[in-house]
Amino acid sequence: MKIEDLEKMRNEGPESLPSEERRKFLKMGLVVTGVFAGGSVLSLTSARNVYGMLEGIQLKHYPYKPHYSMVIRQDRCIDCERCKEACVKTNNVPEYGYRTTILEREIPIGPEETQREFMPVLCNHCNQPPCVRVCPTKATYKDKKTGIVMMNYKKCIGCKTCMAACPYNARYFNEEKRAIDKCNFCFDTRLSKGEKLTACAAACPADVRIFGDLSDPESRVYKLIHEPERVVWVLRPETGAMPNVYYTKG
Amino acid sequence: MKKKLAILLGIMMMSLGVQGIISLSLAEDDEEADYPTEPIVFTQPVKAVVFDHKIHIEDAGLDCDSCHDDIFEQAAGTAEENGDFTMKSLYEGKYCGACHDGDTAFASNTRCAVCHIGVMGYNRMHKVEGAESEEH
């Protein structure tokens, strides 16, 4: 096909291409700028000139008010685990479970050279939460006002289907409650009492966990995510869950 | 018969290997017993940060006078007890910040997890029970 022919075609928009597919091009240093003829022809450009990049994230509108969100500045995490301690204390989390934890891995930084990296994880409070979709009793639900994925312990029958459905391994069965427990951004323990931050965000000495209202352009989370030249990503974008926990470096 | 031979050979090789390691470490001890060979692990103000004398002496080419007793007191735990063993102090050129300024060595506000081994690293070094299950 000639370039002139391509120019006459209607651009179907790169949104229709799976994010996994886009990732592949990104790794080659290319960005998909258009899809033509059902994806059989792609319009590509060098990623070098592209500023901030949102990997697998769709920023169109924020359906909640406040739209609670967390940005994790991953490379600053030092695994001091004060966040975990604060979470356990605030939300009475038993020893056998967690609402938030830290993962560790060695990332290659050169030939035969690796560097340690810590990665805080928690419930991603997805806009399309797979856990909510599979719950047979509607014990877990998306709060209509804040977007927080909450639990109604009384309705939970402990079938653990949500645990299996969660792409982020963010749920555990609480023996004392006889129900599934999970992070709720400290809604009952802090936010509803007027606190502005979750316990983990307030406890972090390295300013890793930035918490706030994504629908407020004045908030730190909004500013970080919309900063030009900043690369922001989410975990497991291919699930289509549209998480509200974002990751970035620097 | 073949199997027995293989096992015998294996045992022989293992014992040879162990001997090799022992003699090697003995030789090292003889030469450089003038600095702590085990890494130092700081737990204040955050858990945990590792410092390895070996890397700083053998790879970076420092000697005792480079840090002792101007930047760090020789007595273990002094820096942690001072109350100002913080990242802020490092940025001001104190403690590790004397070299880790982006000039002599990588800057203190970069590559955090090179020195910060975290609670997981601490547990691994001290063989805390249940440390494995936390790592996934």
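No value in this document is a laboratory result; all are computed from the given coordinates. From a predicted model like this one, the values you see are computed outputs, not experimental measurements. Methodologically, a virtual Cβ is constructed for each residue, glycine included, from the backbone with ideal geometry; neighbour enumeration extends over all protein chains shown.
Looking only at region B:89-121, count every residue that is facing chain A (nearest Cβ under 9 Å), under 26 Å from B:His68 (Cβ atoms) and either in contact with a Phe, Trp or Tyr (Cβ under 7 Å, 6 or more places away or on another chain) or crowded, with 18+ Cβ neighbours inside 10 Å (or both) and tell me the total.
Going through region B:89-121 one residue at a time, the tally reaches 5.
Okay, residues lined up against (1) of a type in the set (A, V, I, L, M, F, W, C); (2) more than 14 Å from every other protein chain (Cβ to nearest Cβ):
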| position | (1), (2) |
| --- | --- |
| A:Thr140 | no, yes |
| A:Lys155 | no, yes |
| A:Cys159 | yes, yes |
| A:Ala164 | yes, yes |
| A:Glu176 | no, yes |
| A:Lys196 | no, yes |
| A:Ala203 | yes, no |
| A:Phe211 | yes, yes |
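Looking only at helices (runs of 4 or more DSSP H) that lie completely in region A:136-250, which have at least 3 residues being touching a residue at least 60 places away in the same chain (Cβ under 8 Å) and under 20 Å from A:Pro63 (Cα atoms)?
Values: elements: A:161-165, A:199-203, A:220-225.
Correct list: A:220-225.
Every residue in region A:95-112 that is over 14 Å from B:Ala113 (Cα atoms) and free of Cβ contacts under 8 Å to residues at least 40 places away in the same chain, please.
Taking region A:95-112 and keeping what is over 14 Å from B:Ala113 (Cα atoms), we get A:95-101, A:110-112.
If the condition is that a residue be over 14 Å from B:Ala113 (Cα atoms) and free of Cβ contacts under 8 Å to residues at least 40 places away in the same chain, then A:Glu95, A:Thr101, A:Gly110, A:Pro111, A:Glu112 are the ones that fit.
Considering each of A:Lys84, A:Lys89 in turn, give the residue that is surrounded by fewer than 13 Cβ atoms within 10 Å (Cβ to Cβ) and closer than 16 Å to A:Cys183 by Cβ. Show your work before the answer.
Details: A:Lys84 fails: surrounded by fewer than 13 Cβ atoms within 10 Å (Cβ to Cβ).
Testing whether each residue is surrounded by fewer than 13 Cβ atoms within 10 Å (Cβ to Cβ) and closer than 16 Å to A:Cys183 by Cβ leaves just A:Lys89.
Mind counting the residues in region B:29-54 that are surrounded by 12 or more Cβ atoms within 10 Å (Cβ to Cβ) and under 20 Å from B:His126 (Cβ atoms)? Quick ask: steps written out before the conclusion?
Within region B:29-54, the subset surrounded by 12 or more Cβ atoms within 10 Å (Cβ to Cβ) is B:32, B:35-37, B:39-54.
If we keep only those that are under 20 Å from B:His126 (Cβ atoms) too, we end up with B:36-37, B:39-54.
So the count comes out to 18.
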